[in-house]
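Worksheet: the structure to be examined is printed underneath.
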Amino acid sequence: MTDVAILEITAKPGQRDEAVKHLEGVLVSTRAFAGCEGAEILVDHENPDRFVLLERWANAEADAAYRAWRRSGTPDAAFGTLLAGAPVTSKYSLN
């Protein structure tokens, strides 16, 4: 069963383009990670500083392995300075 992770992100005013550019670079390795079935950035029409990172994973184990891999690396402090707050992550399953 496909798992979906949705990360809701709000950039600081004037930082959206830089935040999205940074995420586009991160998504190269995300998409290459075993079990990743896709990852896209969706921009809010009403608030362009708000966007969603939509990730599809083959299963919960692949998603968990990816999250562990990201946590094991060097924290990305530069990205955090572009954000208005911490990303909010939600997880879903496609039936």
Principal semi-axes in Å for the chain [√(5λ), Cα gyration tensor, largest first]: 23, 16, 11
Gain in span if fully extended, A77 to Q15, counting 0.36 nm per residue against the direct Cα distance: 20.8 nm
Cα-based helix-to-principal-axis angle, 16-32 vs the chain, degrees rounded to 10: 20 degrees
Helix-only mean residue ellipticity at 222 nm for the chain, each DSSP H run of n ≥ 4 adding -39500 (n - 2.57), per residue, nearest 500: -11000 deg cm²/dmol
Label zone at V4, where the point sits 7 Å out along the Cα-to-Cβ direction: segment 19-44 residues whose backbone N lies under 14 Å: 37-42
The chain, dipole about Cα centre (Lys/Arg Cβ +1, Asp/Glu Cβ -1), debye to the nearest 20: 240 debye
Under-5 Å amide H pairs with E37, H placed in peptide plane, nonlocal only: R56, W57, A58
Angle between the chain longest axis and helix 60-72 axis [Cα atoms, degrees, rounded to 10]: 50 degrees
Rel. contact order, % - alpha carbon contacts under 8 angstrom, at least six apart, the chain: 49 percent
Of P87, A65, A11, farthest towards positive along the dipole that unit charges on Lys, Arg, Asp, Glu beta carbons give the chain: A65
12 Å beta-carbon shell around G35, net charge (K/R +1, D/E -1): -2
Nitroxide proxy distance, nm - points 7 Å out along Cα→Cβ at T30 and L54: 1.2 nm
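Laboratory data are not the source of any read-out in this text; all were calculated from the coordinates shown. Keep in mind that what you see is a predicted model, and the values were worked out from it rather than measured. Neighbour counts are summed over all protein chains in view; Cβ atoms, including those assigned to glycine, are modelled from backbone coordinates with ideal geometry.
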